[in-house]
Amino acid sequence: QVQLVESGGALVQPGGSLKLPCLAFENIFNFNRVAWYRQAPGKERDFVASIYVDGRTQYADFVTGRFTISRDGAARTVYLQMNSLRPEDTAVYYCNAVTLSRQYWGQGTQVTVSS
C-alpha cells in the first residue's frame, strides 16, 4: 500500500511563502505522475500542479508564476513551493500519485492565508 504524507501547512500572511513536501514511501519514479490538489471549505477538490515521470510539469492557471512543483528522487519527495500567497489559496492541500492502474492520496495539510 503506497503511502503519501504531506506536511508543511501553516498559517501565513498574504504575500508570504510556504513549501509543502509530499513524502512517498516508495520510489517516486514508480509513478507516472505526482500532483498537488487543494480543497477549500464547501468547494470541490481542484488541481494545482503536477510533475510527470519525464519531468514535465503542469499548473492550474490560478497558480502559474506563483507556485512551483519539483522533486527529489533520493528523498522520495515532491515539493510544492508557494509564493505570493493570497487568502483565496486557503485550503487543504493533497498529494496525489498515479500509476497506469491506480491512484493514491495523502491525508492533506492545511494552508491558511490570513492577516
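The values are calculated or read from the model by the stated rules, or taken from the named source; none is laboratory data. Because the structure is predicted, anything quoted here is derived from the model rather than measured. Neighbour counts run over all protein chains shown; Cβ positions are idealised from the backbone, glycine included. The area values use the complete protein model at the heavy-atom level, side chains included, leaving out ligands, DNA and RNA. Shrake-Rupley method; radii C 1.70, N 1.55, O 1.52, S 1.80 Å.
Relative to the globular-protein estimate of 2.2 N^0.38 Å, the Cα radius of gyration of the chain stands at 1.00. Just so you know, the averaged projected area of the alpha carbon convex hull for the stretch 60-115 sits at 5.1 nm². Remark: the residue 74-residue 105 segment gains 9.1 nm on full extension, using 0.36 nm per residue and subtracting the alpha carbon distance. Taking amide hydrogens as placed 1.01 Å from N in the peptide plane, the amide H of residue 86 sits under 5 Å from those of 15, each at least 5 positions away in sequence or on another chain.
The Rg/Rh ratio for the stretch 12-61 is 1.02, where Rg is the radius of gyration of the alpha carbons and Rh is the Kirkwood radius.
Solvent-accessible area of the chain (1.4 angstrom probe, protein heavy atoms only): carbon and sulfur portion equals 47 percent.
I need the calculated FRET efficiency for the pair residue 112 and residue 52, taking r as the beta carbon distance and R₀ as 22 Å, to the nearest 0.05.
About 0.15, to the nearest 0.05.
The residues of the chain have, on average, 52 Å² of accessible surface per residue, using a 1.4 Å probe with all protein chains present.
Across the stretch 67-112, the relative contact order, built from alpha-carbon pairs under 8 Å that are at least six residues apart, equals 29 percent.
Residues of the stretch 75-107 with backbone nitrogen within less than 13 Å of a virtual label 7 Å along the Cα-to-Cβ line of residue 25, please, listed as ranges. Taking a point 7 Å out along Cα→Cβ of residue 25, the residues of the stretch 75-107 whose backbone N falls under 13 Å are 105-107.
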